């Protein structure tokens, strides 16, 4: 069974570092891109970027380039999303999802990130 | 940047109604559009991929159509369990984009 399991909710202060994770199982991890999607409270889905676990090829949305970093450790089938310095506007739910030729067929359960002083 | 303009932003319909949600791309994207359903507190769920292909396990009352810049998600006979927010997504390039969403109410 294909599964993407994300790390737990985080409460952070502005300016802090954060790295959240997304562990895949039940499929050949290096065969599918992993995408990240933000959903701010009460809002729609925003595509942040995608990474290929096989070679770490990464593409970012212009809106998120320079604001976050995607990485992956293929040896343990985990993708990461990190912020070097959080802002209050980073508060939201973050989903990882597996891309099957451009469509996202399996999704993680989401990681809620709350940034507040 | 590729934009996906989705409409309407909200829609009220009755059980049994035929419902159509549309997405317009800012440039020709062939048939590279997918549709998702999201229920409150849940992750999105893939309904339709590559414009018109029904994902496994999705009821046949859902269908998709379109090409180029104009796309549609159709629910042929609305059921109570279809109450959700629906999103389109383009994947013409490796930089994907979602539409703004359509909140469907009964």
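Every number here is computed from the coordinates shown, using simple stated rules; none is lab data. This one's a predicted model, so the numbers in the text were calculated from it and none came from an experiment. Cβ sites come from the backbone with ideal geometry, for glycine too, and all protein chains shown count toward neighbours.
With A:35, A:24, A:42 as the choices, which residue is crowded, with 20+ Cβ neighbours inside 10 Å and within 20 Å of residue B:87 (Cβ to Cβ)?
The match here is A:35.
The numbered conditions (1) within 14 Å of chain A (Cβ to nearest Cβ); (2) surrounded by fewer than 18 Cβ atoms within 10 Å (Cβ to Cβ) are all true for residue B:73 except (2). Quick one: is residue A:79 under 25 Å from residue B:87 (Cα atoms), more than 11 Å from chain B (Cβ to nearest Cβ), touching a residue at least 24 places away in the same chain (Cβ under 8 Å) and crowded, with 22+ Cβ neighbours inside 10 Å? Yes: the conditions hold for residue A:79. Here the condition is being closer than 20 Å to residue A:100 by Cα, more than 9 Å from every other protein chain (Cβ to nearest Cβ) and loosely packed, with under 15 Cβ neighbours inside 10 Å; of B:16, B:57, it holds for B:57 alone. Scanning the range B:32-52 for residues that are assigned to a loop (DSSP other than H, G, I, E, B) and either more than 11 Å from chain A (Cβ to nearest Cβ) or surrounded by 16 or more Cβ atoms within 10 Å (Cβ to Cβ) (or both) returns B:32, B:39, B:43, B:44, B:51, B:52. Determine which member of the set A:50, A:69 is farther than 29 Å from residue B:37 by Cβ and outside any loop (DSSP other than H, G, I, E, B). The match here is A:69. The residue list A:69, A:30 contains one member that is touching a residue at least 40 places away in the same chain (Cβ under 8 Å) and either surrounded by fewer than 20 Cβ atoms within 10 Å (Cβ to Cβ) or away from every other protein chain (no Cβ under 12 Å) (or both), which is A:30.
Quick grid of which residues meet (1) over 22 Å from residue B:84 (Cα atoms); (2) over 14 Å from the mean Cα position of the chain (by Cα); (3) more than 9 Å from chain B (Cβ to nearest Cβ):
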site	(1), (2), (3)
A:46	no, no, no
A:62	yes, yes, no
A:65	yes, no, yes
A:73	yes, no, yes
A:86	yes, yes, yes
A:94	no, no, yes
A:97	no, no, no
A:104	no, no, no
A:108	no, no, no
